Structure formats: C-alpha cells, structure tokens
Amino acid sequence: MKVFLMYPDRNLNPDLKMPWNENILVDDLELSRIFEKMAGGDKFLHEIVKKVILNSETDVGTLLHRQAVLKDCVRNSADVRRIYEILVRSITEEKKQYFWFSQTNPELILHESIKVMQIFINSFGELRKISDSKSTEFESEGFKSLFSLIKNELDDAYLSRIGDILKTLSFPRGVPVSVQLGRGNEGVNYTLLKLMEKRTIFSGIISQGREKRYTFTLGDRDESGAQAIVEMRNRGIINITNVLKESAENVLGFFYLLRNELAFYIGCLNLYDYITGKGEPVCFPVPVGGRENILSFNGLYDISLSLGISERVVGNGMNADGKGLVIITGTNRGGKSTFLRSIGQAMLMMQCGMFVPAASFNSDLMRGLFTHFKKEEDRGMTMGKLDEELDRMSSMVDHMRTGSLMLFNESFSATNTREGSQISSNIVDALIEKGIKIFFVSHLYEFSINYYEKRREETLFLRAERKSDGTHTYRIIEGNPLDTSHSEDLFNKIFGDAIEDAVVGGGSEKLKTA
Amino acid sequence: MSVKGLITPAYMTLAMMAEMFITENNRSDKLAFESILYVETENKSDFREEPPDFFVDLNLDQVIKAITDPKKDYKLDSIFYNSLKNINNVTYRQNVFRDLQNDSILHSVKIFTEKVEKMYRYLSGIDRLYKYQKERWLMDSAEIYCEAVQTLFKDLTVESPESAGIKGLLEYIGTYINSESFTKLRDETSALRTKLDAVRFTMIIKTGKIVVKEYNGEEDYSAEIKGAFHKFSESGSVMKKVRIPQFSGMNHVEAAVLELVAKIYPETFQSLLDYSQRNNDFIDSTLGKFQKEIQFYLAYIDHMAGIKDVGLQFCIPEISEVNRNVFCYGGFDIGLADKLSKEKKAAVTNDLVLEDDQRIIVVTGPNHGGKTTFARMFGQIHYLGSLGLPVPGTGSYLYLFDSIFTHFERSENLDNGRGKLEDDLVRIKAIIDRSTSNSIIIINEMLSSTTLKDAVKIGKKIVSDILKIGCLCLYVTFLDELASLDGTVSMVSTIVPQNPEERTYKIIKQPADGLAYAMALARKYGVTYDDIIRRITS
C-alpha cells in the first residue's frame, strides 16, 4: 500500500540527515521561529519540518507535486487536520497495548494482535468516511492517489470481512485443526480449519448421526495435560498468529508512513494560517529549471521577523534575471540583513515545495545554500576575527558546487577597507567563475565600486533606501554604490553633533566640551 | 525375542541391541559370507577379553582406547586385543581396508551404518511407549532398515568392490533382498505406511476437552486468512516470526487422542498392530553382525585421518610367516603421532631395516633422543600389522609373530622384596624361557643398577641367549659394547653436532659412539679437562 505525498514516486525518509552547515543556516537566517510556528509545540513536527526545509530538492517535478498537495491542504485544511489526528490517535492507542510485540506465548500474541488490528480497522473506517465525502475536493496527484487507495483497498466489504475474521479468531468453540500422522504416529501438519458458521438444527442432527466423534476430557488436576493442550492449540494457531502479528506490524508501519508524509503539510498549514491571519502576502513560487540566472519577486519579506512582531513588515521587489551577482550597499540598520535573510528563507521554502512570503516569486533552483554573516566578536576565540572569517569561508568552499547560492553579510570587514575589498573581490571572482550565485551586503566602498566599474552588466546594485531627512524606509531599491555609507546618521544620533563640527579643530578635547 | 517382552534399560549398548532384534532363522544359509573380520577360523579358545601384558609398555592401551572411545557402545576393544595367527585373516582384513580407501565405498558403508544406528535409536526404549506409538516406531525402524539395505546394495554394486569381504557382503545382500522374508517385510511396511499417511483427522481443541472426529474436507483457514491480510504484508519482510519449541515424543493427551483416532480408522490401526506382531524381529542377523564388526574398520580409519592430516602416512604392510628380514620406512609411534597431531605437529619418522641374518637391533645414544619411542614403534607396527590394520609408514615388510614380550624399566618394586637388579633378571629369564623363534622381544634399558663391568657381562650373555632362540629383538641400552656384537645391528639416536642439546629424534644405523657425544657436551659447557685447568686459577 503506497502513499506518495512528499515525492511523486517515493516516500520521505524520516531519517534524513541535516546539511553540514545546519546550525549556521538556522542562526544566520533566523529559522528557529519558523520551525517553531510550524511545529506548534509538537516535537515530531519540529523535527520533520526542519529536516524537510533544510534538505532542498532540486527537481522541479517534486516541487510542483508538493505545491499541489499543499494547495489541497490549504483548501481543505479542516479535513486534512482531521486525517492527521486520526493517524496520531491510532498510533497512540497502539502504544497503549504496550507489551503486545514482546510476548512469547502465541495465544497471547494472537489476542493482542487482534486488538491492535481492531483499532486500526476502526481508524480505516474513519478515513474511509472522509475519503468518501470529501475526495472530490482534492486535486493533487498525491491526495487523489491516497483517496483512491483508501477507497479501493479499504472498501466496506473488505473492512467488514476483516472484522468477521477477527471475531472468529478468539475461537469461542475451540481451535479446529486437521492433523496427520508422522514418525511414531505423532501429530504433524496441524492445519487450522474453517468451521461452518451456522449449523441448522437439522444439519446438526443428521451429521452427528453419521460422523464418528469422540471426546477426550482432561482430568481435574491434570496440570501437565492442561499444558499439553495449550501446546496443541499453539501448534494450530502459530501460522495465523504470525500472519496477524505481521499484518498488525505492517499496518502500524503504514500509519507511521502516512503520518510522516502528512506531517510536513500540517506544519505548513500552521504557518499559513498564522501568516495569512496576520494579513501578510503569501504565494506559491514558480520554480524554474535550467542553468540561466532567473530570480524576480515582489513583496518579499523576512517571515521570521514577521513571526516575531505583531505589525506587518516591509516587503521588497527585485528583478535579478540574468545576474549572477547582487551587491547591496547602504546605511546601517537600513534593512539590508533583513533583505538578505528573506532571500535565504524564500529559497529554502521554495525548494521544499512550500509557499513563500511574497506576492510573487520566480527563481531557478540552487544547489546548496551558504551564508557568511558577520559574527559578534568571540572573546573566547584563539583566532583573530579575520582569521575566523576566512576559516569559515574555507570550510564552505569544500561543499560548494556550480549552482550554489552564497549570501555574504558584511563579510571580511574586520580589517581595513582596502584589504577587505581585495579579499572579497578575489573570493567573489572565483565563485562567479565557478557558477555560484552571490548576494553581497557590504559597506566596503572599494569592493562595490570595483564591480560597478568592471562588471556592471552581470551585477545588480541595490541600496537601502534612505529618505532625504535621513530616515529609513527599510526598502531595498536599485541604486549604485554611494560614496559614504551614511555613518553620519548614526554618529549624529549618538553624539548629537554634526560630524563636521566634531572633526574640525582639536579632536577629543573639543568633543568633550560639546 | 519379541518387542513386547523386552526390558530395555538405559545402559543397553548398541551392540547388545543388535543381538535382541535379530532372529537366527533370518539368516540365508546358502552364502559363505558371515563375517567381515574373519574368513577362516582363528583358534577361538584363545580369544582374549583382557589386553595382552605388553600393551602398557608399548602404550598400546592408550592407543586402542583412543581408537575405540568414539564408538564406545560397540565395545570393540577385545577385537584389538587379539592378534591374528591365521595369515589369511590378515590378508582378508587388509583387502577390506583397501576397498575402504575408495571414498565412495567408504561413504556408502558409513551411510548404511548411520541409518542402522538411527534405527536402533528408534527401537531403544520402545517398550515404554504408548499403544499405537510403539508399533509405529517399530514400523518406522523397519522402513529405515529396508531403505538402508537396498541403498547399500545399489551403491556397492556400482562401486565394484574387490575385497573378498565386501564382495561377499554384496553377494549376501543381493540374495537377501530377493528373499521372501525381506520382500514381504518391505512390501508390508510400504503398504502400511501408505495407509497411515492417508489418515487425516480433525481435532477441536477447547481448553479442557478435545473433540476428535473425521476430517470432512474443510478448508485451510490460515490460507484464507493469509490471503485476506495479504495487502498488509511486505515482500522481503525480515520481521521476527513467533516460534514454538519443537518437542519430540508424545504426551498422554496426544496418546489418548491417538486411541480415539484408532476408533475412527479401526482397520488401519488394526493393521498396524498385526504388522507389529508379525515383524518384531525383522533384522537379519548377519547384517546386524556386520554393523558391529565394520566399526572396527571405521574406528581405525577415523583415527588415522587425524594423523594423516599433518602429513604422516600409513601403508598396508606385507606380512610374512617365514622371512624375518623386516623393514619399515617412514614409521612412527602412533600414540605419539596422535598426541602431536592434535597440536598440528607431525611426529618424526624413522626407518628400520634388518638384512641378511640380522635379528637383534641394539639402540644406543643420548637420553630423550627418541630411543624408547623407536622401540615402541617397532612393537606397535608389528602388533597393528598382525591385526590386519594399515601401519605407520610408507612401506613395510613385517613378520607374523606368535607373541610379543616387553621388558621396560620399572621403578623399584618394594612389594616383591627383590632388588632392582634381581627383578630385571627374573623378568628377562621368564621372557627368554617363554620365547620361541617366532617371538618378538623388546628390551628398554636394563641393568642400570649395577657396575658397568657386570652390566656388560650380563648384557652380553642375554644377547647371546636371544641369538640362540633366533627370534627378533630390539634392545635399547646405554651399553655401547653390546652394539658391536655379532648378529646385532647398531642404531643410534642422533644429535645436531653444533648444538649437542638439540634432539633430532632420528635413529640411524651407525656404530655406537657415546663418548663422542659426551665430549661435545663437555666442550659446550667449558668443562673439558683443558677448560678446567685453564679456568681454575690457583
């Protein structure tokens, strides 16, 4: 019985490994809040959504498959949640029969397996009800084949037949077996028989008259005899015990499987409900195959930021089609880091088949995502800060491939601007050569102007928008690198003096008296 | 003897079992074949049940025990205690060994004996069984027996044995298989088996009752259940299956059920009882005897195998009643070889050759050089050869002796009040008195408790007495003088010249040179005369 919700042709591996830079990505892109909202407190959901989001898919077909399933979930949110709840509940109830798998006495195992199967049969009945009434509302391949499976494999006739069989397996009238004679006339080939269900009075009398039947009765205190009878019963039921046990284990496996396939979408629903409830835009992105640089969007925002505040956040638009390098300059705290994060988040979300936090989003597919964000001074470190940055860069290089996406945030600025620019340019040139797409937030003027002068055609220049009065709009707009990075604004705010006044004249003495 | 009247206590051996289920009138008198061990009579009045006196000295007690232990139940020891006097019996056995060197013949024979052993296992304790159970075990045993006999005949016919023994057996079986008694047994057994196989009954097992009735063709429910749950099965599932322990043997509940089944199939079960009455002594006595006697060969073959594994060889010796120019190439002490083979080591081999009129081998040389082992080897090889067995070595010519006498060192026997010298002399005199020219005497160190001069005098006298008797003798001694007497051949245990301490265990024909050895040893430790003069500073 196969269910394919996560892939068109196979199941999700619940033991997916995280990428090597798992922690870096989670920190830099502030993904924790996203995972938490999706999980809604459920540890299992948390693990699944994290694994799925961080293991980007590179097949357009898979992404479209998942988007279709997700769209169905969004449209039929209540029903999907109900299905999930049935699965979780069945699994929990099975766990309550908690010793059924570890018994060694066949009759006990049979008895417990029957109970567990009964639980599952009931759950199948409930799934059938949903499927019967609502399957027409679902359009995705994934759900269509799931409902078709439920409808065909678990129809009423079948469920009731199973139910009947389970009833007979308590053997209310004794275990019927046929036996033959082996070596030493010992009983062999114990074959469990199907007894006639109903015997009419007449058939009973007539057949009893003709057939020979004899009864052996156990003596009152014959304990070894009682044990012998138990062993004979076990010989009769051992085959079906194994069938039932295996079936129960497999059905349980099927429930786990379905739960694993559905869990991710439940997480998506949790996020979707919240974010649309808040009024933020959400759309299904258009993944583009091939090796051209395609990336354009409207209204893209940092969803993690939005999850953390009650107001809505600023969205951005951009068209970077044909561009392999995007350089973002501008004032501090102008929204550049946020912008960078929103790119990373959106790419991860697109490449696991989710919606993205934007009004529209088109992109080609990345093969691996890497972030290099400026770190706080680590006081415990033995390396110098630039050392640490370069070391971090180096470890990333091992894992990069053509088609990877690299996000730099104020990298290599832990030195003077000339040296920093030099280092950055060398790295960027090499990465471009290798076909890696780069976003670089930098206030190293030498670096940005270098690319403005030498590679204007392949590079998109963006800037944090700043109004004439110096305030930020937190929008990132197109614009070439400017001479100053408006540190003036900050200085003014903190020191309360215009920077020119502070510089003219003596120096620190003057500042003190101001 | 019938099955019914039997008491079969636990200590019953398989050999004894063979006697019980055999009836004398099953023998086919026409054929000459009776025994795989003897083709003509030996002098039966001399049949020993106790080991000969020289066994302990030659370590043959340990050797025989090692050979017969794995087949304890067959009590083969006494066969090994009786060397053959009739050369035709020796040849008879040797030829059987030759046939058994053919792996297919050996395999067929082994298979046959294993089946017969299984049959005896079925039959042991049969009387303690329930009604209808014991009769069925009897039938099952007869089934194995019939199949085993027929298969042995078929296999041996294909394998074309050449020895009189196995050929005789094959002829015997051929006639036996076609006899009325065997064909009747086989056909009755087969017919009864068919009837019993057709029995199929139904039990409805409740917790305190079992209803037993005819099987009415009801369907196999587990097949239906399996089909219904099929969609929940996974191909290639490696899930652990529930298992129930397999018991053999019937409990009283099953026995009671069986009696009820007998009521449902009265004709079949009465046939079973009748069969058992008619056939409780179905084993042919000659074949039963063969089963026991062939173990003599099988036990020895198994024993040789371990020693052959480390590269040593056995050969079938030529045995003469007349010619005493014995030789043996590549021989070894079989007891020592067996012990060493368990450590994956091969014992050192030695050659021994007597030419012209040489009768007495005098063995001298350093202590622990392998002289005693060599003496044992000489005795063992002759003894084993006289049993018709393959002997250690690559080629061998032996003498069919009438007795072996050994005179090995004994610690002072305080009981008989004699001193050691007196004891030695009394014993050797007894040996000399009893020996004939057809005997073999093996002396391992004597006269060590007297002066050298006297020892040489006595030793020479003993050697000359033995020469007068004219029998074969091997004499291990420290008296080099004896090695140069007329009529003796000298062999010496050798050392590595550069390292006098190192033993080679090789005994070679050369004059005694004990002094040369002593000198080398003294030089190594710096205690020659010159060394001592030099080293002691006055």
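The values are calculated or read from the model by the stated rules, or taken from the named source; none is laboratory data. These numbers come from a predicted model, not from an experiment. Cβ sites come from the backbone with ideal geometry, for glycine too, and all protein chains shown count toward neighbours. Note: areas computed on protein heavy atoms with side chains; ligands, DNA, RNA excluded. Shrake-Rupley method; radii C 1.70, N 1.55, O 1.52, S 1.80 Å.
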message: One residue is enough: does the stretch B:402-422 have a residue meeting the conditions assigned by TED's automatic domain parsing to the domain that holds B:ALA483, crowded, with 17+ Cβ neighbours inside 10 Å, at pLDDT 90 or above and outside any strand (DSSP E or B)?
response: yes
- request: Only residues in the stretch A:245-258 that are at the interface with chain B (Cβ under 10 Å from one of its Cβ atoms) count as the first member; pair them with residues that are assigned to a helix (DSSP H, G or I) and modelled with pLDDT of 85 or more, Cβ under 6 angstrom, at least 6 apart or cross-chain, and list the lot.
  value: A:LYS245/A:ILE109; A:LYS245/A:SER113; A:ALA248/A:SER113; A:ALA248/A:VAL116; A:ALA248/A:MET117; A:VAL251/A:PHE120
- prompt: Has the stretch A:89-98 got any residue that is within 29 Å of A:PHE361 (Cα to Cα), free of Cβ contacts under 8 Å to residues at least 40 places away in the same chain and not basic (Lys, Arg)?
  reply: no
- prompt: Only one of these conditions is not met by A:THR92: (1) more than 28 Å from the chain's Cα centre (by Cα); (2) surrounded by fewer than 14 Cβ atoms within 10 Å (Cβ to Cβ); (3) of a type in the set (Val, Ile, Thr). Which number is it?
  reply: (1)
query: Got a sec? Which of B:TYR275, B:TYR300 is under 21 Å from the mean Cα position of the chain (by Cα) and in contact (Cβ under 8 Å) with a residue 12 or more places away in the chain?
result: B:TYR300
query: What residue, among those in the stretch B:325-374 that are surrounded by fewer than 24 Cβ atoms within 10 Å (Cβ to Cβ) and of a type in the set (Phe, Trp, Tyr), is farthest from B:ILE507 (Cα to Cα)?
result: B:PHE327
query: Which one is most open to solvent (accessible area, probe 1.4 Å), of the residues in the stretch B:100-136 that are among the acidic types (Asp, Glu) and more than 23 Å from B:LYS289 (Cβ to Cβ)?
result: B:ASP103
From B:TYR145, B:TYR130, residue being in contact with a His (Cβ under 8 Å, 6 or more places away or on another chain) and under 24 Å from A:ASN185 (Cβ atoms): B:TYR130
- prompt: Give me the pairs: first residue in the stretch A:335-362 and farther than 14 Å from A:PRO287 by Cα, second residue in a helix (DSSP H, G or I) and among the polar types (S, T, N, Q), beta-carbon distance under 8 Å, and six or more apart or on different chains, which are they?
  reply: A:ARG341/A:SER304; A:GLN345/A:SER304; A:PRO357/A:SER306; A:PRO357/A:SER342; A:PRO357/A:GLN345
- prompt: Any residue in the stretch B:505-513 that is surrounded by fewer than 19 Cβ atoms within 10 Å (Cβ to Cβ) and at pLDDT 85 or above?
  reply: no
query: From the list B:SER83, B:SER2, which residue is in contact with a Leu (Cβ under 7 Å, 6 or more places away or on another chain) and either modelled with pLDDT of 95 or more or not in a helix (DSSP H, G or I) (or both)?
result: B:SER83
task: With respect to B:ILE173, determine if the residue is in a helix (DSSP H, G or I), among the β-branched types (Val, Ile, Thr), touching a Phe, Trp or Tyr at 6+ places or on another chain (Cβ under 6 Å) and more than 14 Å from chain A (Cβ to nearest Cβ).
output: yes
- line: Checked against (1) part of a helix (DSSP H, G or I); (2) open to solvent by 30 Å² or more (accessible area, probe 1.4 Å); (3) within 19 Å of A:ALA263 (Cβ to Cβ), A:SER56 satisfies every condition except (1)
Leading residue by the ranking (most open to solvent (accessible area, probe 1.4 Å)) among those in the stretch A:267-309 that are closer than 22 Å to A:ASP42 by Cβ and among the polar types (S, T, N, Q): A:THR276
- request: Quick one: count up the residues across the stretch B:122-133 that are outside any loop (DSSP other than H, G, I, E, B) and away from chain A (no Cβ under 12 Å).
  value: 2
query: In the stretch A:58-73, which residues are closer than 14 Å to A:CYS283 by Cβ and over 15 Å from the mean Cα position of the chain (by Cα)?
result: A:LYS71
Enumeration of residues in the stretch B:217-265 that are open to solvent by 70 Å² or more (accessible area, probe 1.4 Å), more than 7 Å from chain A (Cβ to nearest Cβ), of a type outside the set (Gly, Ala, Ser) and more than 43 Å from the chain's Cα centre (by Cα): B:HIS230, B:VAL238, B:LYS240, B:GLU259
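A quick yes/no check of all residues on (1) at pLDDT 85 or above; (2) within 24 Å of B:VAL348 (Cα to Cα); (3) open to solvent by less than 20 Å² (accessible area, probe 1.4 Å):
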{"position": "B:VAL426", "(1), (2), (3)": "yes, no, no"}
{"position": "B:ILE442", "(1), (2), (3)": "yes, yes, yes"}
{"position": "B:TYR475", "(1), (2), (3)": "yes, yes, yes"}
{"position": "B:GLY526", "(1), (2), (3)": "no, no, yes"}
- prompt: Which members of the stretch A:314-341 meet the condition of being polar (S, T, N, Q) and closer than 22 Å to A:GLY435 by Cα?
  reply: A:ASN319
message: Out of the residues in the stretch A:159-187 meeting the condition of being among the hydroxyl-bearing types (Ser, Thr, Tyr) and farther than 23 Å from B:LEU260 by Cα, tell me which one is nearest to the other protein chains (Cβ to nearest Cβ).
response: A:THR168
Qualifying residues in the stretch A:179-191 (those that are in contact with a Gly (Cβ under 9 Å, 6 or more places away or on another chain) and open to solvent by less than 20 Å² (accessible area, probe 1.4 Å)) - the one nearest to A:GLN118 (Cα to Cα): A:VAL179
task: State whether the residues of the stretch A:43-57 include one that is acidic (Asp, Glu), on the phi > 0 side of the Ramachandran plot and touching a residue at least 12 places away in the same chain (Cβ under 8 Å).
output: no
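This table checks each residue for (1) closer than 28 Å to B:SER248 by Cα; (2) more than 14 Å from every other protein chain (Cβ to nearest Cβ); (3) modelled with pLDDT under 90.
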position: B:ASN95; (1), (2), (3): no, yes, no
position: B:ASP103; (1), (2), (3): no, yes, no
position: B:LYS110; (1), (2), (3): yes, yes, no
position: B:MET119; (1), (2), (3): yes, no, no
position: B:GLU135; (1), (2), (3): yes, no, no
task: Could you figure out which of (1) modelled with pLDDT of 90 or more; (2) at negative phi isn't true of A:GLY403?
output: (2)
message: If I go through the stretch A:22-48 residue by residue, how many of them are open to solvent by 10 Å² or more (accessible area, probe 1.4 Å) and assigned to a loop (DSSP other than H, G, I, E, B)?
response: 4
message: Tell me whether the stretch B:142-164 contains one or more residues that are within 14 Å of another protein chain (Cβ to nearest Cβ) and under 30 Å from A:GLU223 (Cβ atoms).
response: no
query: List the pairs whose first member sits in the stretch B:412-427 and is over 18 Å from B:LYS461 (Cβ atoms), whose second member is surrounded by 15 or more Cβ atoms within 10 Å (Cβ to Cβ) and modelled with pLDDT of 60 or more, and whose Cβ atoms are under 8 Å apart, counting only residues at least 6 apart or on separate chains?
result: B:GLU412/B:LYS420; B:GLU412/B:ASP423; B:ASN413/B:ASP423; B:ASN416/B:ASP423
